[in-house]
Amino acid sequence: MLQLGAVTVSYLEHDCFRIEAGGKVLYTDPFKIRDQRRRADYVTVSHDHYDHLNGESLDRVLKPSTVIVASESCRGKLDGKAKVVRYLKPGETYRDEGLSITAVPAYNTNKFRSPGQAFHPRNYNGTGFIIELSGARLYHAGDTDLIKEMEGLGAIDLAFLPVSGTYVMTAEEAVEAAKKISPAVAVPMHWGAIVGSRSDAEKFVAGVSAFGRAQLLDKE
């Protein structure tokens with residue numbers, strides 16, 4: 001668990017974090033998690049791949065009033081899951097009392113399923129999210145490589161960056177991303193569930209610690 005001012009962050013699995021602040025609870029990309037006692041006021045879903053948009057895991061965090069904020073790539077695949085579902089393209093923002101969630105680009109530049117076919121093409125409209133609450137700006141990168149848009153995110157208090165390679169940045173690429181973003185704290189994700197290992201997360205933390213602050217969160 002990590003405490004950042006009024007914000008409490010717990011790592012559950014893969015790209016799934018529980019973020020608590022101001023009496024509200026937000027989950028990112030629920031996947032391979034147990035039933036959650038603290039149900040979601042908000043859920044973000046970065047794209048429609050099964051390890052990010054996962055109906056079984058979503059059911060473990062939802063309550064009747066949950067708001068789901070998802071990338072445009074998820075359109076139509078979350079209908080009926082929650083009373084309110086908002087689909088965002090990069091640059092679009094969802095706002096609620098004391099909270100804003102802005103979609104930002106997430107795509108591959110050098111991870112391909114076949115020649116010229118990226119796992120996450122730019123026009124696929126998967127996203128990362130900038131989450132602003134209780135005075136903090138959090139960046140959940142989604143499934144992405146090191147991309148030019150990371151230079152324009154503004155001040156970031158906490159960055160969740162994928163480190164496994166194969167479908168997303170390698171640990172070394174994620175260190176370079178942290179240099180561009182310059183968050184107050186960087187946390188590795190996307191390891192240990194499908195691809196990547198704890199050693200990738202440790203390598204990332206060691207690399208970032210040479211110029212900034214990084215923290216490896218144990219899975220809850």
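Listed values, structure above:
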quantity	calculated
Residue count, region 55-72 (criterion: touching a strand residue (DSSP E or B) at 6+ places or on another chain (Cβ under 8 Å) and over 21 Å from Leu12 (Cβ atoms))	1
Any hit, region 155-175, residues being over 15 Å from the mean Cα position of the chain (by Cα), at pLDDT 95 or above, in a helix (DSSP H, G or I) and of a type in the set (A, V, I, L, M, F, W, C)	yes
Failed condition for Gly22, given (1) at pLDDT 95 or above; (2) under 22 Å from Ala136 (Cα atoms)	(1)
Test: residue in region 102-117 that is surrounded by fewer than 23 Cβ atoms within 10 Å (Cβ to Cβ), modelled with pLDDT under 95, among the small types (Gly, Ala, Ser) and over 18 Å from Glu20 (Cα atoms)	yes
Any hit, region 197-207, residues being assigned to a helix (DSSP H, G or I), under 22 Å from Ile33 (Cα atoms) and hydroxyl-bearing (Ser, Thr, Tyr)	yes
Residues of region 148-182 classified as surrounded by fewer than 16 Cβ atoms within 10 Å (Cβ to Cβ) and of a type in the set (Ser, Thr, Tyr), total	2
Conditions (1) crowded, with 18+ Cβ neighbours inside 10 Å; (2) modelled with pLDDT under 95; (3) of a type in the set (Lys, Arg); number of the one not met by Arg137	(2)
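The values are calculated or read from the model by the stated rules, or taken from the named source; none is laboratory data. Fair warning: this is a prediction, and the values are worked out from it, not measured in the lab. Heads up, the Cβs are rebuilt from the backbone with ideal geometry, glycines too, and the neighbour counts pull from every protein chain shown.
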